[in-house]
Amino acid sequence: MIFSRKRDNGGDERGTEVLGAAAADEPAAPARGPYDVSEASADMPRLDLGSLQIPAVPDVEVRVQADPQGVVQQVVLVHGDNALQLGVFAAPRSEGIWDEVREEIRQSLFDDGAAAQEVQGEYGTELQARVRTPDGITDLRFVGVDGPRWMVRGVFQGRAATDPSAAGPLALCLDGLVVDRGHEAKPVREPLPLRLPREVAEQATTEQDTATDGAPREV
C-alpha cells in the first residue's frame, strides 16, 4: 500500500542543549526531529500511523505493509533509488537505548558475516554495513534517535546509505517525524503500535471484500 529540516547541531542527537538559567524552568524544543508529540508543531501535514506521524514530503512514497486488521508491520519511505525503513520502540524514562541497540545490530551483522562499522554522523553515532542479499551487495546505514521513553530507528538504503547528503527528502521526513508514545507501560524495546488511518483501513477492507466476492480465493 502506497501513500502518495536539516539538523545543524552536529552529533547532538536531540538538539536540546539549552544555555542559561531559563533551561531549568522550561526545556527548549529540539531544533529538529524526530519530535515527541508534546514538542511537535503543526507546521506541516502528516500521515497519522498511530505511534508515528510521517510528514507529507513531495515525491516521497510511504509504503506500508499491514495485516487484515490494519496493524502496520513495516513502514518504508522511498524517494528515487533511496529508501528509509522506520521503526519506533519503547524505552526507559531515565536513559536512551540506541547505544545498546546499535551494538546488538553490529554483533548480529558480524555473526552473519557482514562488515559493519560505527561512524559519526548528523544523528550522532551511526552504523554503516554492507550485506549480501539475493540482489547482490547492499549498503545500509542505521541511525537511532532517543526520545522521552521512545527510540526511533531508521535504516537508509541506496546511495543515502553511504552518502548522507543524498538522502534529500528522506532526511526531511526523518527530521519532521513525530512520535506519539502514549501513556501505557510497555516493555523496553517493544515496538510501539502502528496502524493504518481509519479511512485507509476501511478502503482496504472494502477492496479486499470486493476482490473475493463470489470468487474462490487463491492460495
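The values are calculated or read from the model by the stated rules, or taken from the named source; none is laboratory data. Keep in mind that this is a model prediction, so the values were computed, not measured. Glycine also receives a Cβ, built like all others from the backbone with ideal geometry; neighbour counts cover every protein chain displayed. Note: accessible area is taken over every heavy atom of the protein model, side chains too, but ligands, DNA and RNA are not part of it. Shrake-Rupley method; radii C 1.70, N 1.55, O 1.52, S 1.80 Å.
Taken over segment 51-65, the criterion of being under 18 Å from GLU190 (Cα atoms) and either surrounded by fewer than 14 Cβ atoms within 10 Å (Cβ to Cβ) or among the hydroxyl-bearing types (Ser, Thr, Tyr) (or both) is satisfied by SER51 alone.
Being touching an Asp or Glu at 6+ places or on another chain (Cβ under 8 Å) and at pLDDT 95 or above is the requirement here; does VAL143 meet it? Judged against the criteria, VAL143 is a match. Only one of the numbered conditions (1) loosely packed, with under 13 Cβ neighbours inside 10 Å; (2) modelled with pLDDT of 70 or more is not met by GLY10, and that is (2).
Listed by first and then second residue, the pairs with beta-carbon distance under 9 Å, at least 6 apart or on different chains, first residue in segment 31-47 and surrounded by fewer than 18 Cβ atoms within 10 Å (Cβ to Cβ), second hydroxyl-bearing (Ser, Thr, Tyr), are ALA31/THR16; SER41/TYR35.
Among the residues making up segment 132-176, those that are charged (D, E, K, R) and open to solvent by 20 Å² or more (accessible area, probe 1.4 Å) are ARG132, ASP135, ASP139, ASP146, ARG149, ARG153, ARG159, ASP163.
So that you can scan it fast, the table gives a plain yes or no per residue for (1) under 12 Å from the mean Cα position of the chain (by Cα); (2) crowded, with 17+ Cβ neighbours inside 10 Å:
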| site | (1), (2) |
| --- | --- |
| ASP67 | no, no |
| VAL78 | no, yes |
| ALA83 | yes, yes |
| ALA90 | no, yes |
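Look at GLN73 and say whether it is within 26 Å of ALA166 (Cβ to Cβ) and surrounded by fewer than 19 Cβ atoms within 10 Å (Cβ to Cβ). Criteria not met by GLN73. Consider segment 92-107 and keep the residues that are part of a loop (DSSP other than H, G, I, E, B) and in contact with a Lys or Arg (Cβ under 8 Å, 6 or more places away or on another chain). The one that is surrounded by the fewest Cβ atoms within 10 Å (Cβ to Cβ) is ARG93.
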